[in-house]
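Before any comments, here is the structure.
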Amino acid sequence: MKKILITGGAGFIGSNFATINQDKYEITCLDNFFLGDEKNLANANVKFVKGDACKTEDLEKCGKNFDAVIHLAGTSSAPMFMDDGFAEGYRNSVESFAKTIEFARKSGAKKFLYASTSSLYGNNPLPLLESDSLSDPLNHYSVTKKVYEDTSKCYHKVYPEMDIFGFRFMSVFGKNEESKGKYANIISQFLWDMVRDREIVIYGDGEQFRDFTNVADIVQALTLAIETPENFGNKIYNVGRGESMSLNEIVTTLQKVIGKEAKVKYIENPVKEGYIKGQHADITKISNELGFSPKVSLIDGITEIFENLNIERIKETSSEDFR
Ligand SMILES: NC(=O)c1ccc[n+]([C@@H]2O[C@H](COP(=O)([O-])OP(=O)(O)OC[C@H]3O[C@@H](n4cnc5c(N)ncnc54)[C@H](O)[C@@H]3O)[C@@H](O)[C@H]2O)c1
């Protein structure tokens, strides 16, 4: 059985990976509960280490000789870099990346996987292609992810024995987002608002669109990378459904699943600079090279969140907070 380490393993994507793959792999999760929650791992038979991915001594507590290390820890969205979060956001993201990739190689990992983001594309023409030239970064979060990608290029030239995979995740939705509170995906936030009988607040006319991708399909992409043969190289892949849905369509789908009318308030978009109007990925590269094929439809993914909803676990949030 392959041994896998996930930094940020008690977070949204990490805990879904651990739960789905608990019988396939021997999994260790490291998390400092910056945003994650041990409750996310309640149904996962994995080893858990409370610790900081910026600290080599905490990484060493996780063990060694991992077949793959998946780096998901870090400051996981743009709004966290606002105000007081700015310098700490850089420190946490970049330092945890550098410490984890070094730990992975030195402890004998064959593969290192990390989360990049579709935000790197900004408002590039659609569909988004890995070979696109990237415009000026929209925010500090995107800068940190570009650092991950560029660092990986240099790192792999020096240490080609460890394969490296960077994933430009599109807009990820699914179970286990309660601990992210106001930083959760818009689908969860709208659903939570509807369940709590609150208004859904939409910036602009609601026609902005995203490539909403279920977390189980993100897990599929990570798993396919772990299973590649050795000497696969240093790769960057889009992970998405390759199609998009507007916020208005999301509201319509939520109404269908929950069986109730949403109260929607449209407000002028307060984000004047760098707001992404619409995105969807070209997924030809990951489909051809790894055999990726998205499986979970929007309606099935939303139904799953609704059926697993634990209202007590939702932190105090409002969909007005962030986009
Ligand atoms: N969710 C999305 O839509 C999306 C899209 C693109 C990229 N990503 C990236 O994927 C990764 C995982 O995202 P997520 O949605 O699961 O976010 P998340 O915030 O739920 O998960 C990150 C986890 O890392 C932990 N963490 C943070 N800093 C740490 C540190 N120094 N040491 C140990 N643990 C630490 C947090 O407690 C949290 O559990 C992030 O890098 C994020 O930037 C996510």
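The values are calculated or read from the model by the stated rules, or taken from the named source; none is laboratory data. Keep in mind that this is a model prediction, so the values were computed, not measured. For neighbour counting, all protein chains shown are included, and Cβ atoms are generated from backbone atoms with ideal geometry for every residue, glycine included.
The table that follows gives values for the structure above.
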quantity	calculated
Failed item in (1) closer than 19 Å to residue 70 by Cα; (2) away from the ligand (no atom under 13 Å from the Cβ); (3) not hydroxyl-bearing (Ser, Thr, Tyr), with residue 214 passing the rest	(2)
Scan of the stretch 11-45 for residues that are near the ligand (Cβ under 6 Å from one of its atoms), assigned to a loop (DSSP other than H, G, I, E, B) and in contact (Cβ under 8 Å) with a residue 40 or more places away in the chain, ordered by number	11, 32, 34, 35, 36
Leading residue by the ranking (nearest to the chain's Cα centre (by Cα)) among those in the stretch 174-203 that are of a type in the set (D, E, K, R), part of a helix (DSSP H, G or I) and closer than 22 Å to residue 81 by Cα	180
Filter result for the condition that a residue is free of Cβ contacts under 8 Å to residues at least 60 places away in the same chain and either within 19 Å of residue 216 (Cα to Cα) or outside any loop (DSSP other than H, G, I, E, B) (or both), over 305, 299	299
Sole residue being surrounded by fewer than 20 Cβ atoms within 10 Å (Cβ to Cβ), assigned to a helix (DSSP H, G or I) and modelled with pLDDT of 95 or more, chosen from 312, 243, 249	249
Identity of the residue in the stretch 50-64, basic (Lys, Arg) and under 13 Å from residue 107 (Cα atoms), that ends up nearest to the ligand (Cβ to nearest atom)	61
Test: residue in the stretch 233-240 that is surrounded by fewer than 23 Cβ atoms within 10 Å (Cβ to Cβ) and either assigned to a helix (DSSP H, G or I) or touching a Cys at 6+ places or on another chain (Cβ under 7 Å) (or both)	no
Those residues of the stretch 105-161 which are in a loop (DSSP other than H, G, I, E, B), within 19 Å of the chain's Cα centre (by Cα) and of a type in the set (Gly, Ala, Ser), in sequence order	122
Flag if residue 91 is within 12 Å of the ligand (Cβ to nearest atom), part of a helix (DSSP H, G or I) and under 28 Å from residue 153 (Cα atoms)	yes
Some residue of the stretch 97-112 being closer than 19 Å to residue 172 by Cα, modelled with pLDDT of 95 or more and surrounded by 16 or more Cβ atoms within 10 Å (Cβ to Cβ)	no
Cross-chain or 6+ apart pairs with Cβ under 6 Å, the stretch 83-111 first and under 19 Å from residue 234 (Cα atoms), then away from the ligand (no atom under 12 Å from the Cβ) and small (Gly, Ala, Ser)	111/68
Filter pass, residue 165 being more than 10 Å from the ligand (Cβ to nearest atom), in a strand (DSSP E or B) and not small (Gly, Ala, Ser)	yes
Filtered residue count, the stretch 252-292, keeping only those that are surrounded by 13 or more Cβ atoms within 10 Å (Cβ to Cβ), in contact (Cβ under 8 Å) with a residue 24 or more places away in the chain, farther than 23 Å from residue 308 by Cα and of a type in the set (Gly, Ala, Ser)	3
Every pair of residues 6+ apart whose Cβ atoms lie under 7 Å, when the first sits in the stretch 117-134 and is farther than 15 Å from residue 240 by Cα while the second is away from the ligand (no atom under 12 Å from the Cβ) and among the hydroxyl-bearing types (Ser, Thr, Tyr)	122/135; 124/135
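Conditions (1) within 25 Å of residue 220 (Cβ to Cβ); (2) surrounded by fewer than 21 Cβ atoms within 10 Å (Cβ to Cβ); (3) at pLDDT 95 or above, marked per residue:
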site: 116; (1), (2), (3): yes, no, yes
site: 125; (1), (2), (3): no, yes, yes
site: 145; (1), (2), (3): yes, no, yes
site: 161; (1), (2), (3): no, yes, yes
site: 164; (1), (2), (3): yes, no, yes
site: 170; (1), (2), (3): yes, no, yes
site: 177; (1), (2), (3): yes, no, no
site: 191; (1), (2), (3): yes, no, yes
site: 198; (1), (2), (3): no, yes, no
